[in-house]
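S.K.: Dumping the structure here so I can ask a few things about it.
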Amino acid sequence: MNVYLIIILLILIADFIMGVIVETLNMRRLATALPEEFASWYDAERYKTSQDYVRENTRFALLVDTITTPLTIAFILLGGFNLVDQIARGFALSPIPTGLIFAGLLMVASQIISIPCSLYSTFVIEEKYGFNRTTAKTFLFDSAKSWLLALVIGGTLFSCILWFFDRTGSAAWVYCWLAVIIFQLLLTYCAPVVILPLFNTFYPLDDGDLKEAILGYARSQQFTIQGIFIMDASRRSSKSNAFFIGFGKYRRIVLFDTLVKKHTVDELVSILAHEMGHYKKRHILKSMLLSTLTTALMFFILSLFINSPGLFSAFKMQNTSIYASLFFFAFLYTPISLVLSIAGKALSRQYEFEADTYAAITYKKPDAMISGLKKLTVDNLSNLTPHPLKVFLSYSHPPVLTRIVALKKYAHEV
Ligand SMILES: [Zn+2]
């Protein structure tokens, strides 16, 4: 049996088993009684609802994995990739359009599974817990717009990568890396102006206490912002959030309308102070630099596997090609990307503590930060008691109770 095939099957199976173990441990933890800290925030019924919500989402994700893992394995073993490749080659086009058709057909196949999942998650689970505000029409338009974006952005980038590997020899990975960096920078600048308005409406925050408080705090921190906007997030979900878009003097604050409705001015400023903390501590810049480095590593390793005969025979392919190499490499790269992701998540959790600290020290209202966090947790039915292994593997934010403990230290000092 082909060594690559054995490795890839082991990776797929190990990934599945690890998921089952982690999620089972995480669900068992839900049996924990309501933490004291949240005693006045939940009644027994509402807390049970939050636990049911976590349970239902987890069970559904496990069910999807239980279907997709054997399907993927069967697709590999039965030569599905070769079949798709032969169809793409049937059009007798040059390598780049052939690669685009190959990738497009695989994307369509994956959508056949992911669309029903996304429908169930939005219109059954989210609906049941009162989060869903999406109409069938919005869902349809959202999907169409996402596909179009994937086609334009993904298609262009994919074509660039194929071209570089075809034409620039052993330095191709460096060119691909530079191309991805340029794409990311372009997207970061274009997203606020071109992409986000495709999905949501943004309107400037009205004059008033909230605007005064945010601008006053930003001024006190010498933090320039171009504007404060409200986003009509409530057209899709009742969950709430806030974020920043743009860089330098083009920075804009975006608040979900759902967030503004439920929080006090002090809580909202605290939440934004936390976000500003990420900029002041240069977290965004550091994360971008790190991801740039890991992208270089990925393209370098990928370059070693382009047209690898062993890898192609593992997938039962009749012909080698650069475009298929990209897909096959993705399977091999899973363990490395898992390790990198765990390290990245640990760093991100560290950054969250630092941003909380920044907000608590500079805005001097840690209690408002704490109540803001609690409201977000209760409104979004977040899991109060995640298993440490789950946190270690996949949490980009520390569990809310840990954040509250850290913030309380500052509450005493302020
Ligand atoms: Zn944060």
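Conditions (1) farther than 22 Å from PRO335 by Cα; (2) open to solvent by less than 70 Å² (accessible area, probe 1.4 Å); (3) over 22 Å from the mean Cα position of the chain (by Cα), marked per residue:
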{"residue": "PHE60", "(1), (2), (3)": "yes, yes, no"}
{"residue": "GLY80", "(1), (2), (3)": "yes, yes, yes"}
{"residue": "ALA88", "(1), (2), (3)": "yes, yes, yes"}
{"residue": "ALA92", "(1), (2), (3)": "yes, no, yes"}
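S.K.: Restrict the check to the range 180-199 and report whether at least one residue is farther than 30 Å from THR122 by Cβ, within 24 Å of the chain's Cα centre (by Cα) and hydroxyl-bearing (Ser, Thr, Tyr).
M.R.: For the range 180-199, residues farther than 30 Å from THR122 by Cβ, within 24 Å of the chain's Cα centre (by Cα) and hydroxyl-bearing (Ser, Thr, Tyr): present.
S.K.: Would you say GLY344 is within 16 Å of the ligand (Cβ to nearest atom), of a type in the set (Gly, Ala, Ser) and more than 20 Å from the chain's Cα centre (by Cα)?
M.R.: Values: within 16 Å of the ligand (Cβ to nearest atom): yes; of a type in the set (Gly, Ala, Ser): yes; more than 20 Å from the chain's Cα centre (by Cα): no.
The answer is no for GLY344.
S.K.: On to the next question. Would you be able to say whether some residue in the range 123-137 is farther than 28 Å from PHE165 by Cβ, touching a residue at least 40 places away in the same chain (Cβ under 8 Å) and small (Gly, Ala, Ser)? Can you show your working first?
M.R.: Within the range 123-137, the first condition is being farther than 28 Å from PHE165 by Cβ, and the residues that meet it are 123-137.
Retained after the next criterion (residues that are touching a residue at least 40 places away in the same chain (Cβ under 8 Å)): 125-126, 128-134.
Filter once more, keeping what is small (Gly, Ala, Ser): 130.
Looking through the range 123-137, at least one residue is farther than 28 Å from PHE165 by Cβ, touching a residue at least 40 places away in the same chain (Cβ under 8 Å) and small (Gly, Ala, Ser).
S.K.: When you look at TYR323, is it aromatic (Phe, Trp, Tyr) and within 16 Å of the ligand (Cβ to nearest atom), yes or no? Show your work before the answer.
M.R.: Values: aromatic (Phe, Trp, Tyr): yes; within 16 Å of the ligand (Cβ to nearest atom): no.
No: the conditions fail for TYR323.
S.K.: Quick one: how many residues across the range 1-33 are touching a Lys or Arg at 6+ places or on another chain (Cβ under 9 Å) and open to solvent by 50 Å² or more (accessible area, probe 1.4 Å)?
M.R.: Number satisfying all stated conditions: 2.
S.K.: Mind checking whether some residue in the range 267-284 is more than 15 Å from the ligand (Cβ to nearest atom) and either small (Gly, Ala, Ser) or open to solvent by 40 Å² or more (accessible area, probe 1.4 Å) (or both)?
M.R.: no
S.K.: Would you mention how many residues in the range 248-259 are open to solvent by less than 40 Å² (accessible area, probe 1.4 Å) and farther than 17 Å from MET369 by Cβ? Show your work before the answer.
M.R.: Just the residues of the range 248-259 that are open to solvent by less than 40 Å² (accessible area, probe 1.4 Å), to begin with: 248, 251, 253-259.
Checking the rest, the ones that are also farther than 17 Å from MET369 by Cβ come to 248, 251, 254, 256-258.
Of the residues in the range 248-259, 6 are open to solvent by less than 40 Å² (accessible area, probe 1.4 Å) and farther than 17 Å from MET369 by Cβ.
S.K.: In the range 376-405, what residues are open to solvent by 40 Å² or more (accessible area, probe 1.4 Å), more than 16 Å from the ligand (Cβ to nearest atom) and either of a type in the set (A, V, I, L, M, F, W, C) or under 18 Å from GLU275 (Cβ atoms) (or both)?
M.R.: LEU389, PHE392, LEU401, VAL405
S.K.: A follow-up question, please. Residues being outside any helix (DSSP H, G or I) and within 30 Å of PHE164 (Cβ to Cβ): count how many of those fall in the range 59-105. Write out each step before concluding.
M.R.: Residues of the range 59-105 outside any helix (DSSP H, G or I): 78-79, 90-94.
Imposing the further condition that a residue be within 30 Å of PHE164 (Cβ to Cβ) reduces the set to 79, 90-94.
Summing the residues that are outside any helix (DSSP H, G or I) and within 30 Å of PHE164 (Cβ to Cβ) in the range 59-105 gives 6.
S.K.: Only one of (1) open to solvent by 60 Å² or more (accessible area, probe 1.4 Å); (2) in contact with a helix residue (DSSP H, G or I) (Cβ under 6 Å, 6 or more places away or on another chain) is not met by SER220, so which one is it?
M.R.: Result: SER220 fails condition (2) only.
The values are calculated or read from the model by the stated rules, or taken from the named source; none is laboratory data. No experiment lies behind these values; they were computed from the predicted model shown. In this analysis, Cβ positions are derived from the backbone assuming ideal geometry, glycine residues included, and neighbour counts consider all displayed protein chains. In case anyone asks, the SASA skips ligands and DNA or RNA and just uses the protein heavy atoms, side chains included. Shrake-Rupley method; radii C 1.70, N 1.55, O 1.52, S 1.80 Å.
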